[in-house]
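A.B. asks: Attaching a single structure in structure tokens format; questions to follow.
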Amino acid sequence: MSNILFVHTGGIKMRYSLETAKRKGHKVIIMKNNLESWEKKLCDDWIKSDTYNIERSIKIFDEYYKDNRVDSVVTFSEFDVPLTVELQRKYGFPKLCSIPPEYLRNKYLMRQRLHQYGFAVPKYRKVTSKQELLNFFGEIQGPIVIKPIWGADSLFVVKANNENEANEIW
């Protein structure tokens, strides 16, 4: 079977995917800083690395790859998409799509791209000041959702129902 590198596991909610890989006879390799107890039970090999440091993680993988076979690289963590895509690109591993990772992770660029291709997207705007936020709120005249450009799992996503709330949130 194949040797699959999981760049981070995505946490306990993705345990089933690793169990399935093991049950099908695949070798499970995990790249992340520390392993949880359930990951240790499913892991055939561990590459210790801070996956947010892409340059360093690639160097660590380079060393690992000299003596170990890896057939594919996947991630279930939004935060690790850029590293996963870079490893896929550098080593020619199979990938799901050819979209640059910034369009998958940067909400503003993603919405621009979707709009360019004709997809319906809610009205959006990149704001860099409280005044820009309040101006946008005045245009929308209704509740708005404020999101960081980079983020995952709805972290720091807030709803403002009125201009006062928008003012407090900023």
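A.B. asks: Quickly run through the range 42-57 and pick out the residues that are open to solvent by 30 Å² or more (accessible area, probe 1.4 Å) and in a loop (DSSP other than H, G, I, E, B).
C.D. replies: Step one: filter the range 42-57 for residues open to solvent by 30 Å² or more (accessible area, probe 1.4 Å), giving 44-46, 48, 50, 52-56.
If the condition is that a residue be open to solvent by 30 Å² or more (accessible area, probe 1.4 Å) and in a loop (DSSP other than H, G, I, E, B), then 44, 50, 52, 53 are the ones that fit.
A.B. asks: Please work out if residue 76 is out of contact with any strand residue (DSSP E or B) (no Cβ under 7 Å at 6 or more places or on another chain), under 27 Å from residue 154 (Cα atoms) and among the hydrophobic types (A, V, I, L, M, F, W, C).
C.D. replies: Yes, satisfied.
A.B. asks: Same structure again: Output the number of the condition that residue 10 fails; it satisfies all remaining conditions of (1) open to solvent by 60 Å² or more (accessible area, probe 1.4 Å); (2) assigned to a loop (DSSP other than H, G, I, E, B).
C.D. replies: Unmet for residue 10, out of (1) open to solvent by 60 Å² or more (accessible area, probe 1.4 Å); (2) assigned to a loop (DSSP other than H, G, I, E, B): (1).
A.B. asks: Turning to a different aspect of this structure: Could you please tell me which pairs satisfy a Cβ distance under 6 Å, a separation of 6+ or placement on different chains, a first residue in the range 53-73 that is in contact (Cβ under 8 Å) with a residue 12 or more places away in the chain, and a second residue that is of a type in the set (Lys, Arg) and part of a helix (DSSP H, G or I)?
C.D. replies: none
A.B. asks: When you look at residue 87, is it under 25 Å from residue 149 (Cα atoms) and part of a helix (DSSP H, G or I), yes or no?
C.D. replies: So residue 87 passes the test.
A.B. asks: Mind listing whichever residues of the range 63-78 are modelled with pLDDT of 85 or more and open to solvent by 40 Å² or more (accessible area, probe 1.4 Å)?
C.D. replies: 63, 65, 66, 67, 68, 69, 71, 74, 76
A.B. asks: Which pairs turn up if I take residues in the range 142-170 that are closer than 19 Å to residue 121 by Cβ and look for partners that are among the polar types (S, T, N, Q) and modelled with pLDDT of 80 or more with beta carbon separation below 6 Å, at least 6 apart in sequence or on another chain?
C.D. replies: Partner pairs satisfying both residue conditions: 143/161.
A.B. asks: Between a residue in the range 17-28 that is part of a loop (DSSP other than H, G, I, E, B) and any residue that is among the β-branched types (Val, Ile, Thr) and open to solvent by less than 50 Å² (accessible area, probe 1.4 Å), which pairs come within a Cβ distance under 8 Å, given they are 6 or more apart or on different chains?
C.D. replies: From the range 17-28, the pairs are 26/4.
A.B. asks: Of all residues being under 19 Å from residue 61 (Cα atoms) and of a type in the set (A, V, I, L, M, F, W, C) in the range 19-41, which is most open to solvent (accessible area, probe 1.4 Å)? Just the residue, please.
C.D. replies: Step by step, filter the range 19-41, then rank; the result is 35.
A.B. asks: Identify the single condition in (1) closer than 30 Å to residue 1 by Cβ; (2) over 21 Å from the mean Cα position of the chain (by Cα); (3) of a type in the set (A, V, I, L, M, F, W, C) that residue 120 does not satisfy, given that it satisfies every other one.
C.D. replies: (1)
A.B. asks: If you go through the range 97-111 one residue at a time, do you hit one that is assigned to a loop (DSSP other than H, G, I, E, B), on the phi > 0 side of the Ramachandran plot and either of a type outside the set (Gly, Ala, Ser) or open to solvent by less than 70 Å² (accessible area, probe 1.4 Å) (or both)?
C.D. replies: First, pick out the residues of the range 97-111 that are assigned to a loop (DSSP other than H, G, I, E, B): 97-100.
Now restrict to residues that are on the phi > 0 side of the Ramachandran plot: none.
No, there is no match, as no residue in the range 97-111 is assigned to a loop (DSSP other than H, G, I, E, B), on the phi > 0 side of the Ramachandran plot and either of a type outside the set (Gly, Ala, Ser) or open to solvent by less than 70 Å² (accessible area, probe 1.4 Å) (or both).
The values are calculated or read from the model by the stated rules, or taken from the named source; none is laboratory data. Model, not experiment: these values are computed from the prediction. Here Cβ is always computed from backbone atoms with ideal geometry, including for glycine, and neighbour counts include all displayed protein chains. For accessibility, only protein heavy atoms count, side chains too; no ligands or nucleic acids. Shrake-Rupley method; radii C 1.70, N 1.55, O 1.52, S 1.80 Å.
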